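To keep things clear, I will list the structure first and then write my remarks on it.
The values are calculated or read from the model by the stated rules, or taken from the named source; none is laboratory data. Please read these numbers as outputs of a predicted model, since none were measured by experiment. Every residue, glycine among them, receives a Cβ derived from its backbone with ideal geometry; neighbour counts consider all protein chains shown.
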Amino acid sequence: MTGVDGIEPVIALEGVSRTFAGAVKVFALRDVSMRVAPGDYVSITGPSGSGKSTLLNVLGLLDRPTIGIYRLAGVDTGPLGDTARARLRAAELGFVFQGFHLMAKRTVFENVLLGMAYAPVPKAERQERVAAVLEQVSMTHRAAFFPATLSGGERQRVAVARALAKGPAVLLADEPTGNLDAQTSGEVLDLFGELNAAGQTVLVVTHDPLIAGRAARRMAMTDGRLEER
Amino acid sequence: MTAGPKRARPSRRERFTGGDLLGEAVRGLAGRPGRLVLTALAVMLGIGSLVVTIGFAQTGSRQVEATFDSVAATQGMISERADPLTGDKPLPLPWDAAERVARLNGVVAAGTLSEIEVDTKRISAAPVFDPEAPPVAAPAVMAVTPDTLATVEGVMAEGVFFSGFHEATAQRVAVLGRDAAATLGVVRVSDQPSVFIGDVSYTVIGIIGSVKAGHGLLGAVVVPQSTARRLLGLAAPDELRLRLEVGAGPMVAAQAGPALNPNSPNDYDIALPGPASDFRKSLTRDVNSLFVVLGLVALAIGALSIAVVTSLSVMERRGEIGLRRALGATQRSVAAQFVAETSIVGLLGGLIGAAAGVLGVVGISAAREWTPVVDLRLVAAAALVGVVTGAVAGLAPAVRAARVEPATALQEGT
Ligand SMILES: Nc1ncnc2c1ncn2[C@@H]1O[C@H](COP(=O)(O)OP(=O)(O)O)[C@@H](O)[C@H]1O
Ligand SMILES: [Mg+2]
């Protein structure tokens with residue numbers, strides 16, 4: 001399938017809904033459709049509880065739509081089993097979380113290396129790739145450090161390097177600056193901008209309109225509905 | 001359009017392999033050394049006590065075997081009793097003593113053995129090289145019945161032993177003990193050498209190589225009992241040798257007297273082995289029943305502690321589990337990682353336990369002045385039991401780990 005402009009989209013959602021069963025049924029996503037082309041920098045904003053994380057979980061293959069079609073890198077993910085989804089996730093998706101989720105007992109270098117543990121990256125290349133992405137996020141000088149000795153902004157840059165190392169089709173970030181102060185938030189966002197300028201597809205979810213302002217494409221989420229601004 | 005996954009299964013050099021899994025498991029364990037030691041110790045106690053138990057039983061039974069003298073347990077002797085006052089021997093053994101007791105239950109073989117007094121200077125082999133030179137150590141002369149060889153568990157080095165024919169017809173034949181043959185210079189019997197006792201020559205038909213009882217036979221010129229009676233003046237058999245089934249001693253002792261002489265059954269010196277020792281059985285049974293149970297209980301506690309501690313780890317490592325899933329780990333590989341971790345704990349516990357157990361066996365053996373016997377397969381088995389214990393203990397926590405919802409776990413902070 002190709003997009004309207006003839007380029008195959010990295011992400012294509014069509015009529016996706018996600019409901020959570022319970023005492024009261026929650027409509028977290030309502031009929032969401034979106035396309036993300038290679039090289040796009042997309043931000044998704046919305047108030048707390050509007051469904052941003054749910055959307056990102058669906059996009060990250062950590063959750064399945066209740067109805068609708070999700071194509072990732074040209075693959076219809078609907079019929080895929082858990083193992084195939086895990087493999088696709090390993091190959092195409094890089095995650096950055098609000099909590100950095102670095103392993104405390106491993107050095108910066110080893111944490112970034114772990115990002116390729118399950119990915120189809122030749123093992124012979126991995127060390128080189130770690131060095132390259134650490135260079136990209138300006139953390140080479142901290143390669144042998146443990147996360148506890150780093151500032152919040154540095155930790156998030158290591159987490160970004162971990163997500164980038166395998167060369168994912170898209171970088172998915174959920175509130176990447178949620179644990180950072182204004183100054184360091186700026187650094188991380190600058191990094192996202194640089195990465196996007198170098199061709200990396202980036203999709204950032206945030207409740208902060210200032211952050212969203214950095215992205216070329218801005219989308220807003222309200223009560224499970226997504227619209228482009 | 002494709003419905004299946006776009007990518008083929010990646011090659012070994014790209015894939016997350018079993019080796020990678022082990023590496024991650026080792027790092028996971030190394031991150032919590034206190035827990036590792038605690039849980040491995042619990043397994044160690046169980047495996048250690050099992051190894052001590054089994055090793056001790058092995059050592060014990062080997063020890064019993066070493067001290068268990070099968071000759072003493074099966075060899076017996078009956079002889080005429082000397083009058084304590086006069087030294088007379090009023091009731092000689094009958095000539096057919098061997099046949100009489102051979103019929104009894106529990107008797108494997110019976111034969112007589114008598115020493116005959118002759119002028120040893122007159123014993124020589126033919127041809128005589130130098131009649132003036134006496135043999136270095138003159139052989140004795142003994143008389144036996146055909147089953148005597150089987151009774152003393154003798155083995156021929158050359159030729160044959162006497163048959164019933166030789167005994168029945170009092171043949172002038174002789175069998176040489178190994179040492180007597182050497183003294184007399186007889187090496188082979190194929191050329192029918194002769195020995196002289198006095199002026200009478202006897203054809204040598206065999207050489208006895210070894211015996212387990214009646215060692216005097218090895219240094220003797222041996223002739224059939226009937227021959228000795230006819231030609232060498234044997235008045236009565238000296239002693240009756242018996243080979244018994246293990247444990248048959250008391251039963252045969254009660255029946256031998258009447259069988260030899262129904263009128264005067266109590267006039268013989270009967271020296272037969274006592275009842276079979278049940279030491280071996282009791283040792284193994286006592287050791288096994290008590291300590292095997294203790295060892296298994298300790299092992300179960302070890303497994304339980306692994307399961308509990310690992311479940312705790314799973315709760316604490318929800319973030320790591322979520323991260324791994326986000327990085328592309330399958331539920332199965334997350335579960336496998338935890339099973340690998342507990343298996344390694346089990347292996348460590350098993351190896352240390354086996355080592356401690358072996359030390360224990362060596363210590364106990366030293367205290368009892370026994371020779372420790374530890375089968376190396378026991379150590380291998382201990383390691384294997386440790387791995388299996390760890391793997392089984394890890395199953396429940398592994399399932400919990402696999403069920404961790406990555407989306408939720410990843411939103412839980414650090
Ligand atoms: N696992 C879940 N079970 C039930 N309800 C959920 C679950 N996850 C999210 N929700 C609900 O879905 C809605 C959207 O949540 P979420 O996507 O986390 O919002 P946001 O990230 O924009 O704050 C909320 O009402 C939330 O309570
Ligand atoms: Mg959220």
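Among the residues of the range B:374-414, the ones that are more than 16 Å from ligand 2 (Cβ to nearest atom) and charged (D, E, K, R) come to 4 in all. Looking only at the range A:165-179, residues that are touching a Gly at 6+ places or on another chain (Cβ under 7 Å) and within 16 Å of ligand 2 (Cβ to nearest atom) come to 2 in all. Of all the listed residues (B:Ile306, B:Ile321, B:Ile301, B:Ile344), the sole one being surrounded by fewer than 21 Cβ atoms within 10 Å (Cβ to Cβ) and either more than 16 Å from ligand 1 (Cβ to nearest atom) or more than 34 Å from the chain's Cα centre (by Cα) (or both) is B:Ile301. Filtered by the rule that a residue be facing chain B (nearest Cβ under 7 Å), of a type in the set (A, V, I, L, M) and buried (at least 21 other Cβ atoms within 10 Å of the Cβ), the range A:81-102 gives A:Ala86, A:Leu88, A:Ala90, A:Ala91. Here the range A:1-39 is the region considered, the condition is being more than 23 Å from B:Thr408 (Cα to Cα) and hydrophobic (A, V, I, L, M, F, W, C), and the residue that is surrounded by the fewest Cβ atoms within 10 Å (Cβ to Cβ) is A:Val4. The set of residues in the range B:209-233 being in a loop (DSSP other than H, G, I, E, B) and under 24 Å from B:Gly76 (Cβ atoms) consists of B:Val211, B:Lys212, B:Ala213, B:Gly214.
Looking across A:Val112, A:Val96, A:Val170, one residue alone is over 30 Å from A:Thr66 (Cβ atoms) and among the aliphatic types (A, V, I, L, M). It is A:Val112.
For the range A:174-226, which positions are within 16 Å of ligand 1 (Cβ to nearest atom), in contact with a strand residue (DSSP E or B) (Cβ under 9 Å, 6 or more places away or on another chain), within 20 Å of A:Val16 (Cβ to Cβ) and part of a strand (DSSP E or B)? Please lay out each step first, then the result.
Initial filter on the range A:174-226 (within 16 Å of ligand 1 (Cβ to nearest atom)): A:174-179, A:203-209, A:211-212, A:218-226.
With the extra rule that they be in contact with a strand residue (DSSP E or B) (Cβ under 9 Å, 6 or more places away or on another chain), the set shrinks to A:174-178, A:203-209, A:211-212, A:218-221, A:223-226.
Okay, now just the ones that are also within 20 Å of A:Val16 (Cβ to Cβ), so A:174, A:203-205, A:218-221, A:223-226.
A:Asp174, A:Leu203, A:Val204, A:Val205, A:Arg218, A:Met219, A:Ala220, A:Met221, A:Arg225, A:Leu226, listed by residue number.
If you go through the range B:326-337 one residue at a time, do you hit one that is aliphatic (A, V, I, L, M), touching a residue at least 12 places away in the same chain (Cβ under 8 Å) and touching a strand residue (DSSP E or B) at 6+ places or on another chain (Cβ under 6 Å)? Taking every residue of the range B:326-337 in turn, at least one turns out to be aliphatic (A, V, I, L, M), touching a residue at least 12 places away in the same chain (Cβ under 8 Å) and touching a strand residue (DSSP E or B) at 6+ places or on another chain (Cβ under 6 Å). Scanning the range B:394-408 for residues that are surrounded by 20 or more Cβ atoms within 10 Å (Cβ to Cβ) and within 16 Å of ligand 1 (Cβ to nearest atom) yields B:Val404, B:Pro406.
When you look at A:Ala148, is it within 11 Å of chain B (Cβ to nearest Cβ), surrounded by 14 or more Cβ atoms within 10 Å (Cβ to Cβ) and in contact (Cβ under 8 Å) with a residue 12 or more places away in the chain, yes or no? Considered against the rule, which asks whether it is within 11 Å of chain B (Cβ to nearest Cβ), surrounded by 14 or more Cβ atoms within 10 Å (Cβ to Cβ) and in contact (Cβ under 8 Å) with a residue 12 or more places away in the chain, A:Ala148 comes out as no.
Here the range A:40-62 is the region considered, the condition is being near ligand 2 (Cβ under 10 Å from one of its atoms) and either at pLDDT 95 or above or over 16 Å from A:Ile211 (Cβ atoms) (or both), and the residue that is surrounded by the most Cβ atoms within 10 Å (Cβ to Cβ) is A:Leu55. Going by the structure shown, is B:Val339 under 35 Å from the mean Cα position of the chain (by Cα) and among the hydrophobic types (A, V, I, L, M, F, W, C)? No, not satisfied. When each of A:Arg106, A:Arg126, A:Arg162, A:Arg155 is tested for being surrounded by fewer than 21 Cβ atoms within 10 Å (Cβ to Cβ), away from ligand 2 (no atom under 16 Å from the Cβ) and under 18 Å from B:Gly319 (Cβ atoms), the lone residue that passes is A:Arg106. Here B:Val358, B:Val399, B:Val334, B:Val379 are screened, and the one residue that is of a type in the set (A, V, I, L, M, F, W, C), assigned to a helix (DSSP H, G or I) and within 29 Å of A:Val170 (Cα to Cα) is B:Val334. When residues in the range B:311-329 are screened for being touching a Phe, Trp or Tyr at 6+ places or on another chain (Cβ under 8 Å) and within 13 Å of B:Ala402 (Cβ to Cβ), 3 of them pass. In the condition set (1) more than 9 Å from every other protein chain (Cβ to nearest Cβ); (2) more than 21 Å from A:Gly167 (Cα to Cα); (3) surrounded by fewer than 24 Cβ atoms within 10 Å (Cβ to Cβ), A:Gly78 is compliant with all but (1). If you go through the range A:49-62 and keep only what is within 12 Å of chain B (Cβ to nearest Cβ) and near ligand 1 (Cβ under 6 Å from one of its atoms), you end up with A:Lys52, A:Ser53, A:Thr54. None of B:Arg188, B:Arg241 is basic (Lys, Arg) and part of a loop (DSSP other than H, G, I, E, B) except B:Arg188.
Looking only at the range A:181-211, residues that are within 16 Å of ligand 2 (Cβ to nearest atom) and surrounded by fewer than 22 Cβ atoms within 10 Å (Cβ to Cβ) come to 3 in all. Restricting attention to the range A:109-123, the residues that are free of Cβ contacts under 8 Å to residues at least 24 places away in the same chain and either surrounded by fewer than 16 Cβ atoms within 10 Å (Cβ to Cβ) or facing chain B (nearest Cβ under 7 Å) (or both) total 3.
Does A:Leu171 meet the test of being within 11 Å of chain B (Cβ to nearest Cβ), among the aliphatic types (A, V, I, L, M) and outside any helix (DSSP H, G or I)?
Working: within 11 Å of chain B (Cβ to nearest Cβ): no; among the aliphatic types (A, V, I, L, M): yes; outside any helix (DSSP H, G or I): yes.
Taking the combined requirement at face value, the residue does not satisfy it.
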